[in-house]
Amino acid sequence: MGKRDRLSDDEIAGFVAAHPGWVRAGERIERSYSFPDYGTGVGFVMQIALLAERRDHHPDIALSWGKVRVAWSTHDAGGLTALDLELAELTDRLSAG
């Protein structure tokens, strides 16, 4: 199975169970991150944007003061793929500094 093939419900549930903070929201996974100020959140968003451009796969991002919500999904697959889970893990690594 390729990185852009749609995952089963069990595969998604296993990922969410093993990765605190991530939740399934329909056909995507999402997580909110907290930061001490707006600028730190903006910096985090920029890191995600650079990662997304390199991988040609772009999340939905919501930015507010001290908070960033990130949602991954593969729209052309109609749901979640291995690429989404891989990029969610990388997003967590970026948040850790």
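For the chain, calculate the relative contact order in percent as a whole number, restricting contacts to Cα pairs under 8 Å that are 6 or more residues apart.
Computed value for the chain: 35 percent relative contact order.
Once each part is reduced to its C-alpha centroid, what is the distance from the range 31-97 to the range 4-19 in angstrom?
The range 31-97 and the range 4-19 have Cα centres separated by 18 Å.
In vacuo Debye scattering of the range 52-97, one point per C-alpha: log10 I(q)/I(0) at q = 0.24, 0.25, 0.29 Å⁻¹?
-0.94, -0.99, -1.19
Is there a quick way to get the dipole size of the chain? I mean about its Cα centre, with the Cβ of Lys and Arg at +1 and of Asp and Glu at -1; what is the value in debye to the nearest 20?
Its charge dipole is roughly 220 debye.
Can you give the calculated 222 nm mean residue ellipticity of the chain, where each DSSP H run of n ≥ 4 adds -39,500 (n - 2.57) and the sum is split over every residue, rounded to the nearest 500 deg cm²/dmol?
Rounded to the nearest 500, it is -14000 deg cm²/dmol.
Counting only other residues whose beta carbon sits under 15 Å from that of D5, what net charge do I get with K and R as +1, D and E as -1?
-4
Show me 34-41, 86-93 ranked by packing, highest mean number of other Cβ atoms within 10 Å first. Walk me through the numbers on the way to the answer.
Numbers: 34-41: 12.9, 86-93: 16.9.
In descending order of packing, they fall as 86-93, 34-41.
Students often get this wrong, so try it: which of [x] 88; [y] 125; [z] 102 is volume of the Cα convex hull per residue in Å³ as calculated from the structure shown?
Of the listed options [x] 88; [y] 125; [z] 102, [x] comes from this structure.
Read the figures in this text as sums done on the coordinates, not as results from a lab. This is a predicted model, so every value here is computed, not measured. Counting neighbours? That spans all protein chains shown, and the Cβs are built from the backbone with ideal geometry, glycine included.
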